[in-house]
Every structure is written in C-alpha cells, then in structure tokens.
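Q: My questions will all concern the structure given below.
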Amino acid sequence: MADLSINFAGIKSPNPFWLASAPPTNSAAQVHRAFEAGWGGAVWKTIGAPVLNVSNRYGAWHYGSQRMLAINNVELISDRPLEVNLKEIRDVKRHWPDRALIVSAMVESKPEAWRDIVMRIEDTGADGIELNYGCPHGMSERGMGSAVGQVPSYCQMITSWVTEVAKIPVIVKLTPNVASVVPPARAALAAGANGLSLINTINSIIGVDLDTFELIPNIGGKGGHGGYAGPAVKPIALNLLSSLGVDEEVKRYGVPISGMGGITTWRDAAEFLLLGATSLQVCTAVMHYGFRIIEDLVDGLNAWMDAKGFKTIAEVVGKSLHRISDFNDFDLSFRAVARINPDKCIKCNLCYVACNDSAHQCIDLVDAQGQVVPPYRYDAHANGKHEAVSTRPQPVVREEDCVGCRLCHNVCPVEGCIEMVEVPSGRASVTWRELMQTRPEVTEDWAAMERYRKEVGIEIH
C-alpha cells in the first residue's frame, strides 16, 4: 500500500488528513476521539481574545434532496478560557506524540500580544502555530482575522512578530476574501512563514426566510454576513490553491501548503494534492457526517494511489500544476464535439432543451423513420398519454455545428451517455497570444476577424 505519511515543514503525521480549526477541534475530548478514529492531525479551534458567541450560529444551503451543500456560520473563535484550552492541548499532545497538533491563534495586532500567545502555545508541546488571518466576521470588526489577511503589509508585519520568537513552525492561514490571494501569501513568506494554509471561509449571506423575511441564521430577528464553507466552495478553493502553486515567487520559498475548502471525499483530497496541497484540512464534512469519514478518506486515497502507481504523498503533490494556463495560451484550433450513446440514452431530452435554449442549437430529435422532429413540436405527453421511452425520438448531435461547449454533457443525468470527443479541426494550432503578435488587426477589428475566420475556415452559425 502507498505510504500516506507526510512531513509538513517539519510537522509529521501518519496521513495528510487534518481536522481544520473549527467546532470539531473545540476540546480535548473531541480531538482524542478524532485521533482514535484515525485522523493524522488537528488544528485546534482558534484561541485568543475573549469572545461571546451568539445563537443561532449556522445557516445551511440545501439543494433538492441534498443537505448542507454549504454551511454559513457566524461563530467566533473559542469561547472557552485560554488556560483551559492550553491545558487540554498539552494533554492531547502528550497522549498522541505521533499526530500533528497545530494551534490556531488570533490576538489583537500588538507585538507583545502575539509574542505572549506564541510562547504559551509552545509551552504545550504543540507541533506548530497557525495564524488565523481569515475569519470574515466578528473578529474582523475588531481588527483581526480577515482585516489582517486582506492587507499584505499587515500580514508581513504580524507574521514577522511571530517568526522572530517562534521555535516551532508557523503556518499562515489566508482569507479568500481578496482580489488575489498571492500578495498576502508573498507577504507572509517574506516575513518567514514556514507554511501556508487556505482557504478560510468566504463572506456570504446564506439566504432569507420567505415566510418571516428574516436572514438565515436568525439572531433575534437580525442577521448578517458570515463564513461560507462546505462542498460548494471547493472550486474556489482549488483555484486559489493553484494560484499559489504556479506563482514563481511563492514557489521560490519552497514552503508546503495546507489545503482546505469543501473536502468531503477522497476524490476531493486527491484533487487538492494534485494542485499543490501537502496536507488536507477538513471541517464541514465532519460536522455533517462525523469523525468516522476518515476511514473512507484514507482507504479511498490509498486505493487510488496504488492504482496510479504513487508510492508517497510527495509524488502526488502538484502533479497537475503544469496544466494550469491562461486563456491567452489555449489552443484556439483544438476541437471537441459531443456524441450521444443511444444505448445509454434515456431520452429525457435535457440535452436537447439545454442546447436549443441556451447553447448552439446543434442537437436534433430524430424519430424512428430518421426524420428530424421540428423544434418544440415534440411532446411526450401529447393528448394526456405518456409516450413510451422506446418510441420517443432520439437526440442526435449535428457535429458540423457543435462548438464543443460541453453543456449537454454537464446536464445529462446518465454517466457516460454523452462524451466529448476530440476531432480534427483542419486548422493549424494557434493561441490568442500568438494572434495578438502575428495578426494584431484580427484582435482589434471585427471586419478583420471575419476575414480571418473565412481564411481559416471557421463558421459561426
């Protein structure tokens, strides 16, 4: 079996799966149970300044029959006394020397406050410190959390206060609530951070109750922005993670990145590793399903690595980063078309409707006699009788008109029914960047663009 152990800036753990700093790491009792279940590490719920939490704290986005595709919270950092947290951290580390135990911290922006909390954390025997520069609510209004993470100069200043005195690895947790996560990351690294973690939660309002008109969650008739997390944020997290993975200045420092944001399955975990994460932090999935999901995460990732021939996590990390590119460097001559497998097709016509109403009108409904049914004339429920699937027209792609947008593939409910197939375009490979250099008039004038399309055989129907 593959070796899932990792070394993150000198912090070792038997597998890359860590609990993120959040409600699941609020106490020693919880972290003990998590380690017993098999988690490789935990980032303790953020400790620091005194706070008072509210009720209600969580809102959730449900869609159809799927619960908690995302969660929104207005919960603050740990509301348990600092001394209690420090005592329990010490106890957990003493009992689990082979697990990664990182302490998340957030205090006011004064050097003496940060130096004090660093020394107190180190006294517990914890393996590392995570600086919380991401909390988007409550603490940010007090000049902490994302109020720091959104300003690179603040990131650098506070991180330097910590790294000047810290004897254990310092990880900076970045906020996604910025135009680009790269400048804060560079600033943290310039100040000596030993690692980065992202993403923290995204600013959001989860919804409004249509009966009471109150925001969700409702705190005594009021509500506001909170932190958005869960499966729905995974694409955003992957994008921000990869932006660090391809940045030359970030790469120059050679520090590891702890990835989080919607990791629920081993497949999610593998994607984060491929785009540059070394460790993987999980929160919402545990809040939904409990600590035992670690079994599926470990077994699934192990089986996938074995199947792909990976022996260590290090062999997986960043393996897809070289595929990240800008639109300017995409091959404009690459062509793919949709093909529908009639043996798998259930004739639900979702592809037909999507293509005709919102794409390129290149899917026809063809009857048993090979005749195309006129658009919007076909109705399986005509005369109040539900037509048998076997007698319905078959959706067929007119490949000459297909632009390869992939919408039909995305809406199809049957796995493998619609595939995108590469076909020869008959045109020489060219990118938009190359066109700007060799044929600048094509990129600036519509008449020149039309002439170019006619020259190379591009038809827009």
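The values are calculated or read from the model by the stated rules, or taken from the named source; none is laboratory data. Source: prediction; values computed, not measured. All Cβ positions, glycine included, derive from the backbone under ideal geometry; neighbour counts span all protein chains shown. Quick note on the areas: whole protein, heavy atoms, side chains included, nothing else; ligands and nucleic acids left out. Shrake-Rupley method; radii C 1.70, N 1.55, O 1.52, S 1.80 Å.
Q: Using only helices, what value at 222 nm comes out for the chain when you add -39,500 (n - 2.57) per DSSP H run of length 4 or more and divide by the total residues, to the nearest 500 deg cm²/dmol?
A: -9000 deg cm²/dmol
Q: Right, next: Relative to the longest principal axis of the chain, what angle (0 to 90°, nearest 10) does the C-alpha long axis of helix 446-456 take?
A: 70 degrees
Q: Here's a follow-up. Using alpha-carbon pairs under 8 Å, 6+ residues apart, how would you state the relative contact order of region 6-322 in percent?
A: 18 percent
Q: Give me the percent relative contact order of region 148-204, please, defined on Cα pairs under 8 angstrom at least 6 residues apart. List each step's numbers first, then the result.
A: Details: 84 pairs, mean separation 24.8, N = 57.
Relative contact order here is 43 percent.
Q: Also, quick follow-up: Below 11 angstrom from the Cβ of ALA277, what's the summed charge of the other residues (Lys, Arg +1; Asp, Glu -1)? Present the calculation step by step, with values, prior to reporting the outcome.
A: Numbers: positive: none; negative: ASP268, GLU271.
Counting the neighbours of ALA277, the net charge comes to -2.
Q: For the residue pair ARG57 and TRP432, what label-to-label distance in nm results when each label sits 7 Å from Cα along the Cα-to-beta-carbon direction?
A: Modelled inter-label distance: 4.5 nm.
Q: Stretch ALA49-SER325 to full length: gain in nm at 0.36 nm per residue minus the Cα-Cα span? Let's see the in-between values first.
A: Numbers: separation 276, 0.36 × 276 = 99.36 nm, distance 4.24 nm.
Fully extending the segment from ALA49 to SER325 adds 95.1 nm.
Q: Also: At 1.4 Å probe size, what's the solvent-accessible area of VAL372? Round to the nearest 10 Å².
A: Rounded to the nearest 10, that gives 80 Å².
Q: Once ligands and nucleic acids are excluded and a 1.4 Å probe is used, how much of SER429 is accessible, expressed in Å² to the nearest 10?
A: Result for SER429: roughly 90 Å² accessible.
Q: Based on the Cα atoms of region 327-426, what semi-axes does the equivalent ellipsoid have, where each is the square root of 5 times one gyration tensor eigenvalue, given in whole Å with the largest first?
A: For region 327-426, the semi-axes come out at 28, 13, 12 Å.
Q: Evaluate the distance, in nm, between pseudo-label points positioned 7 Å from the Cα of ALA113 and of ASP98 along their respective Cα→Cβ axes.
A: Each label point lies 7 Å from its Cα, and together they span 4.0 nm.
Q: So if each residue of separation counts as 0.36 nm, and I subtract the Cα-Cα distance between GLU164 and TRP304, what length gain in nm does that give?
A: Using 0.36 nm per residue and subtracting the Cα-Cα distance, I get 46.3 nm.
Q: Where the centroid of each part is defined by its Cα atoms, how far is region 153-193 from region 410-461 in Å?
A: Between the Cα centres of region 153-193 and region 410-461 lies a distance of 42 Å.
Q: From largest accessible area down, sort TYR228, TYR253, TYR154, TYR352; use a 1.4 Å probe on the protein chains.
A: Descending accessible area places them as TYR154, TYR253, TYR228, TYR352.
Q: Where a ≥ b ≥ c are the square roots of the eigenvalues of the C-alpha gyration tensor, would you call region 66-117 rounded, which needs a/c under 1.5, or, failing that, prolate if a/b is larger than b/c, or oblate?
A: oblate
Q: Separate question: Mean 1/r over all different Cα pairs, inverted: what Kirkwood radius does the chain give, in Å? Mind showing how you got there, number by number?
A: Numbers: mean 1/r = 0.0399 Å⁻¹.
It is 25.1 Å.
Q: Just the accessible area for LEU189, please: 1.4 Å probe, Å², rounded to the nearest 10?
A: Surface open to solvent at LEU189 totals about 10 Å².
Q: If you don't mind, another one. Spelling out what I want: for every residue of region 360-373, take phi, set θ = phi - 60°, compute 6.51 cos²θ - 1.76 cosθ + 1.60 (Karplus), and round to whole Hz; glycine and proline get x.
A: 10, 6, 10, 10, 10, 9, 10, 7, 4, 8, x, 9, 6, 6
Q: Something else now. As a test of reading the structure, rank CYS355, CYS405 by solvent-accessible area (1.4 Å probe, protein chains only), most first.
A: Ranking CYS355, CYS405 by accessible area, largest first, yields CYS405, CYS355.
Q: Another question, then. When a/c reaches 1.5 or more, the comparison of a/b and b/c decides; with that in mind, is region 36-159 rounded, prolate or oblate per its Cα gyration tensor?
A: Cα axes put region 36-159 in the oblate bin.
Q: According to a simple spin-label model (label point 7 Å from Cα along Cα-to-Cβ), what is the distance in nm between TYR289 and ASP343?
A: A separation of 3.2 nm, rounded to one decimal place.
Q: Next question. Which net charge results for the neighbourhood of ASP329, defined as the other residues with beta-carbon distances under 12 angstrom from its beta-carbon, given Lys and Arg at +1 and Asp and Glu at -1?
A: Net local charge, ASP329 excluded: -1.
Q: If you don't mind, there's one more thing I want to ask. Counting pairs of alpha carbon atoms under 8 Å apart in space and at least six apart in sequence, what relative contact order in percent does region 118-212 give?
A: Value for region 118-212: 31 percent.
Q: Please give the FRET efficiency for ARG453 paired with GLU249, using the beta carbon to beta carbon distance and R0 = 35 Å, rounded to the nearest 0.05. Walk me through the intermediate numbers first.
A: On the way: r = 40 Å, r/R0 = 1.13.
The calculated FRET efficiency here is 0.30.
Q: So, one more: If you add up the charges near TRP432, with Lys and Arg at +1 and Asp and Glu at -1, over every other residue whose beta carbon is less than 11 angstrom from its beta carbon, what do you get?
A: That sum, taken over residues with Cβ under 11 Å, equals -2.
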